[in-house]
Each structure stands twice: as C-alpha cells, then as structure tokens.
C-alpha cells in the first residue's frame, strides 16, 4: 500500500518526534486506517530516509579504556540476605577472615563450636549437618535449594549467642568450601 505525500510527511514528523516503529505502526492504523506489518513500517521508514531516535545512547566499544557506566545498586532479595547471614554470598566472608588451611581447628567441647556435614544429605536439602554450640547445645542444621538455613535443637526456641552465630557462619563457610560449594 502506498501513502500520500501528506501521510509520508506525517510519518516523518512522528519519527522526528521520537516515535519507534511500533508507535508509527499503531498511529498508521489509528489515524490513516492503514494496516502494515512491523517489517513494512521498517521498510517505509528506510524508504523515506528517516532516522529513528535511539532511546539509549550507543556505547563506544572500540575504546576499552572507558569504563562501563556505573550500575545501579542491586536490590537484594530475601534469599541473598539469608545467604549473606550464613556467609554464602559472594564477598560475605573475606579471605582474611578465614583461618589458614594449616591452622588446627579447636577441639569440640566446652567453650568451642563444632560444625559437621552429613555424609548423606537430608531429603529436600542441598547440604545438612550437625552443630554443637559453645554452651553445649547440639542441633541439626540444613540449607535448602533456595539458600534458607534451618536449625533444629532439642530446646524449643533456642537462640545461639551472637559470638556462636558468627563462629557458626565462619565454620560453615569453611566446611562448605572444603566440599566444593
């Protein structure tokens, strides 16, 4: 279908105003009752030697010395926040925070914390194991596929102390790294 010179001039005005191909296609149908495919609209714009305005500026990829534009800070979901709490998120535990490989672990008992991984993982979890906190309370822990940590202890409502939580996070991170997680 051909357009009249007035219609072509109107299309040129739309493109100059910043309309994209789909907006031009829609306006053609609404205002001129001309039905065109997206491809036909693309050809029409090319035939009229019109330049579409690009809403995003083009990045010069030839100069690698220019850094990428700064990214907006990522919003962290609940799972990412939980992973950070147990030290599983990238950067959550720094190398300096970890003891050296040849550093002997403290023996389990009063005043220390012990974390063990199960050889056979509990059903429905990625990894599971047991923990004995410094106050002697033992429990079972598990991490599911979505990064949620579960802790079961015989004492209802038990909350380990802040130092134990931090030690548990560190020890769990070490144990998981040894297993390739």
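Report, by residue number, each residue of the stretch 164-181 that is surrounded by 15 or more Cβ atoms within 10 Å (Cβ to Cβ) and touching a residue at least 40 places away in the same chain (Cβ under 8 Å).
Pass one, the stretch 164-181, residues surrounded by 15 or more Cβ atoms within 10 Å (Cβ to Cβ): 164-165, 167-176.
Listed by number, the residues that qualify are 164, 167, 168, 169, 170, 171, 172, 173, 174, 175, 176.
For the stretch 13-38, filtering for residues that are surrounded by fewer than 15 Cβ atoms within 10 Å (Cβ to Cβ), touching a helix residue (DSSP H, G or I) at 6+ places or on another chain (Cβ under 9 Å) and in a helix (DSSP H, G or I) leaves 4. Residue 152 falls short on exactly one of the conditions (1) in contact with a strand residue (DSSP E or B) (Cβ under 7 Å, 6 or more places away or on another chain); (2) surrounded by 14 or more Cβ atoms within 10 Å (Cβ to Cβ); (3) at pLDDT 85 or above, and that condition is (2). Condition test on residue 60, is it out of contact with any strand residue (DSSP E or B) (no Cβ under 7 Å at 6 or more places or on another chain), part of a helix (DSSP H, G or I), at pLDDT 60 or above and farther than 30 Å from residue 179 by Cα? So residue 60 does not fit the description; no.
The values are calculated or read from the model by the stated rules, or taken from the named source; none is laboratory data. The structure presented is a predicted model; accordingly, all values stated were derived computationally and were not measured. For neighbour counting, all protein chains shown are included, and Cβ atoms are generated from backbone atoms with ideal geometry for every residue, glycine included.
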